[in-house]
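Below is one structure; the comments refer to it alone.
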Amino acid sequence: MPGGDAARPDEGRPMRADAKRNYERIVATAKELFAADGADVPMDDIAKKACVGAGTLYRHFPTREKLIEAVYRDEISQLADRASVLHDELPPWAALEAWLGEHVTWIVERHKLAGILKESIDAGSETFQYCQMRLREATGLLVTTAQEAGLVRPDVVGVDVLRLGHAAGLAVKNCPPEEGKRVLDIILDGLRA
């Protein structure tokens, strides 16, 4: 969880520094093991690899579903946060182009983990809704900024770019990088004003 006074999503009070480190270590370890072995990996294996006791793991995540939700939130938050960084560091078109490239790369590299996580989370859940909102806001920021600069068609909305990036990632996941780049270039050409 980014920030100094991190709080668990289900609680309002900040975590102590050691509790925060344990929380982050558990989420990172779960992410790694879920990607390698699926969401059914034993919770004790996660605790052992994260170098925490089972009590610590269950104090943070009383159920497997809570841990899966935390991993999914973390993955999506990291991806969405990149849009803000790119927005602040690059000109509008370059930021949108870089974001779309990173989104596609994320889909290609993380499709197995994302599939596992999505299968385990109800589409109507607060976590799923939160993650959708974060990605839509992130993409919308880049699209709106590029539109204000006259670089993107006015009829495009952020969710269009989000869907195109997702589709491109699925389409190129087994292709050579140059073919993936060509698909991105075609999408970007279609977005230009």
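The values are calculated or read from the model by the stated rules, or taken from the named source; none is laboratory data. Bear in mind that the values here come from a model prediction, so they are computed numbers and not experimental data. We place every Cβ from the backbone using ideal geometry, glycine too, and count neighbours over all the protein chains shown.
Residues in region 124-136 that are surrounded by fewer than 17 Cβ atoms within 10 Å (Cβ to Cβ) and either out of contact with any helix residue (DSSP H, G or I) (no Cβ under 7 Å at 6 or more places or on another chain) or aromatic (F, W, Y) (or both): G124, S125, E126, Q129, Y130, Q132, M133. Can you spot a residue in region 165-173 that is closer than 30 Å to E65 by Cβ, touching a residue at least 60 places away in the same chain (Cβ under 8 Å) and surrounded by fewer than 16 Cβ atoms within 10 Å (Cβ to Cβ)? Yes, because at least one residue in region 165-173 is closer than 30 Å to E65 by Cβ, touching a residue at least 60 places away in the same chain (Cβ under 8 Å) and surrounded by fewer than 16 Cβ atoms within 10 Å (Cβ to Cβ). With respect to (1) modelled with pLDDT of 95 or more; (2) touching a helix residue (DSSP H, G or I) at 6+ places or on another chain (Cβ under 7 Å), the lone exception for R192 is condition (2).
Within region 106-123, which residues are surrounded by 14 or more Cβ atoms within 10 Å (Cβ to Cβ), farther than 15 Å from L135 by Cα and not small (G, A, S)? Hits for region 106-123 are V108, R110, H111, L113, I116, L117, I121. Number of residues in region 48-88 that are without any contact (Cβ under 8 Å) to a residue 12 or more places away in the chain, surrounded by 14 or more Cβ atoms within 10 Å (Cβ to Cβ) and within 17 Å of K31 (Cβ to Cβ): the value is 1. On inspection, V143 does not qualify as assigned by TED's automatic domain parsing to the domain that holds I187, free of Cβ contacts under 8 Å to residues at least 40 places away in the same chain and β-branched (V, I, T).
Scanning region 34-47 for residues that are part of a helix (DSSP H, G or I) and either in the same structural domain as V108 (by TED's automatic domain parsing) or free of Cβ contacts under 8 Å to residues at least 40 places away in the same chain (or both) yields A36, D37, M43, D44, D45, I46, A47. Could you tell me whether D155 is more than 16 Å from the chain's Cα centre (by Cα), surrounded by fewer than 18 Cβ atoms within 10 Å (Cβ to Cβ) and in a helix (DSSP H, G or I)? It is false that D155 is more than 16 Å from the chain's Cα centre (by Cα), surrounded by fewer than 18 Cβ atoms within 10 Å (Cβ to Cβ) and in a helix (DSSP H, G or I).
Evaluated against (1) modelled with pLDDT under 90; (2) surrounded by fewer than 18 Cβ atoms within 10 Å (Cβ to Cβ); (3) not basic (K, R), F34 falls short on exactly one condition, (2).
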